[in-house]
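Below is one structure, written out as structure tokens; comments come after it.
The values are calculated or read from the model by the stated rules, or taken from the named source; none is laboratory data. Here the structure is a predicted model, which means the values were calculated and not measured. Here Cβ is always computed from backbone atoms with ideal geometry, including for glycine, and neighbour counts include all displayed protein chains. Areas reflect the complete protein model, heavy atoms only, side chains present, ligands, DNA and RNA absent. Shrake-Rupley method; radii C 1.70, N 1.55, O 1.52, S 1.80 Å.
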Amino acid sequence: MKKKLVSFIKDLYQTNEFIPLHAPSFNGNEQLYVSETIQSTFVSSVGKYVDDFEKHIEAYTKTPKAVATVNGTAALHTALYMAGVRANDIVITQALTFVATCNALHHMGAEPAFVDVSPVSLGLCPKALAVFLDEHAILTERGAVLKTTKQRIKAIVPMHTFGHPAELDELMLICRNWGISLIEDAAESLGSFYKGQHTGTLGDFGAISFNGNKIITTGGGGIVLCKTLDSGIHTKHVTTTAKVPHPYEFYHDEAGFNYRMPNLNAALGCAQMEVLSEFVKNKRKLAHLYSDFFSESEFKFVTEPDYAQSNYWLNAVICPNPQVRESLIKETNENGVMTRPIWQLMHRLPMYKRAIKGKLEYSEYIEKHLVNLPSSPAKLIK
């Protein structure tokens, strides 16, 4: 199987060269727009491409207001702040996530609480969330709090793992019942839809990443998706040092962040948005080919939930046991095909090992069995 997989992937990408896990593709107007930005001298936080990029995202996601930031972590940090998360608050998220999810809330003084992921989506499990809240939380005049420390449980942050939308209806119902905000970590899911609605637009706020390994890239960058125009206007104000517009005076009316995306990065993003639909189409085609390849094997290819249309940011396969997983990763990488294990669970990391957590049985299973496969959006010949 391992040799067949290497041959299959090299055939898909029509190369015998090293195949990375996810490489960006620049075949459109990227060079033109970036060159125009350099020639204009407006390469920093002022320039037309930032506004244009935000408008592209608003049109694509159908969100009232999108606010571009320097990276995805800044976008998530801003979303948490705008949702009212503050120091000493508890934020419930999944242990099976990239560390930036937890770092964003840690840097504002909040603490994570970890619950399991769902076999349906690999995102935050509604059943596990309900059990965790019943066991560890009570409703008070202050809202939901931990029974033990009386810390406020302000928000949950489900991540749309590998671009597969989490079970948002069920999660939102739980949040309404407990008075908890829902913030979508949509870092990986630009181009993914939950029951026809773009991810990141169903919760109070959403955060998307445009790192170099995402479906489109701005080099480094992120964006906050805001549920209302008013919250979006305030978000943009906060991310630009809360400076009150004036021809020459510097007056700032609240403590803000210097998180604005540079015009140079936004120019790259505008060009990438022009080909996003093609990237999604090619990535879904690639996922279909992987699914067919593994269909008669002992491996289980990870597919989108029935309710969703996924961008298949990273394709993934679940191996029959940890030994096969280790062997698959070793042999593919030795033969010029990059594969990767999933992230180590957050509660295993030293800075989050003391966090409160529920049972993490499926997260622990996935940690030991899953392998990510090359998923670049390059045009496929077959």
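Select from the stretch 177-205 the residues that are of a type in the set (Phe, Trp, Tyr) and surrounded by 24 or more Cβ atoms within 10 Å (Cβ to Cβ) and write down the one among them that is nearest to Val302 (Cα to Cα).
Filtering first and then ranking leaves Tyr194.
Need the failing condition index for Gly163 against (1) on the phi < 0 side of the Ramachandran plot; (2) surrounded by 24 or more Cβ atoms within 10 Å (Cβ to Cβ), just the number.
(1)
What's the number of the condition Gly123 fails, among (1) modelled with pLDDT under 95; (2) within 17 Å of Ala316 (Cβ to Cβ)?
(1)
Only one of Ser7, Ser35 is open to solvent by 70 Å² or more (accessible area, probe 1.4 Å), small (Gly, Ala, Ser) and either out of contact with any Asp or Glu (no Cβ under 8 Å at 6 or more places or on another chain) or in a loop (DSSP other than H, G, I, E, B) (or both); which?
Going through Ser7, Ser35 in turn, just one is open to solvent by 70 Å² or more (accessible area, probe 1.4 Å), small (Gly, Ala, Ser) and either out of contact with any Asp or Glu (no Cβ under 8 Å at 6 or more places or on another chain) or in a loop (DSSP other than H, G, I, E, B) (or both): Ser7.
Where the second residue is in a loop (DSSP other than H, G, I, E, B) and among the small types (Gly, Ala, Ser) and the first is in contact (Cβ under 8 Å) with a residue 12 or more places away in the chain and lies in the stretch 330-353, which pairs have Cβ atoms under 8 Å and are six or more apart or on separate chains?
From the stretch 330-353, the pairs are Leu345/Ala95; Met346/Ala95; Met346/Ala355; His347/Ala95; His347/Ala355.
(1) within 19 Å of the chain's Cα centre (by Cα); (2) of a type outside the set (A, V, I, L, M, F, W, C); (3) farther than 16 Å from Glu188 by Cα: which one isn't true of Lys285, the others all being true?
Checking Lys285 against (1) within 19 Å of the chain's Cα centre (by Cα); (2) of a type outside the set (A, V, I, L, M, F, W, C); (3) farther than 16 Å from Glu188 by Cα, the one that fails is (1).
Of the conditions (1) at positive phi; (2) at pLDDT below 95; (3) of a type in the set (Lys, Arg), Arg142 fails just one. Which one is it?
Against the list (1) at positive phi; (2) at pLDDT below 95; (3) of a type in the set (Lys, Arg), Arg142 comes up short only on (1).
Evaluate the following for Ile215: is it touching a residue at least 40 places away in the same chain (Cβ under 8 Å), buried (at least 18 other Cβ atoms within 10 Å of the Cβ), closer than 21 Å to Asn29 by Cα and of a type in the set (A, V, I, L, M)?
yes
Say we look at the stretch 229-271 and pick out the residues that are assigned to a helix (DSSP H, G or I) and in contact with a His (Cβ under 9 Å, 6 or more places away or on another chain); which of these is surrounded by the fewest Cβ atoms within 10 Å (Cβ to Cβ)?
Cys270
If you check Glu326, Glu296, which single one turns out to be at pLDDT below 95 and closer than 22 Å to Phe8 by Cβ?
Sole residue among the options that is at pLDDT below 95 and closer than 22 Å to Phe8 by Cβ: Glu296.
Can you confirm whether the stretch 169-176 contains a residue that is in contact (Cβ under 8 Å) with a residue 60 or more places away in the chain and open to solvent by less than 10 Å² (accessible area, probe 1.4 Å)?
Checked against the condition, which is being in contact (Cβ under 8 Å) with a residue 60 or more places away in the chain and open to solvent by less than 10 Å² (accessible area, probe 1.4 Å), the stretch 169-176 yields no hits at all.
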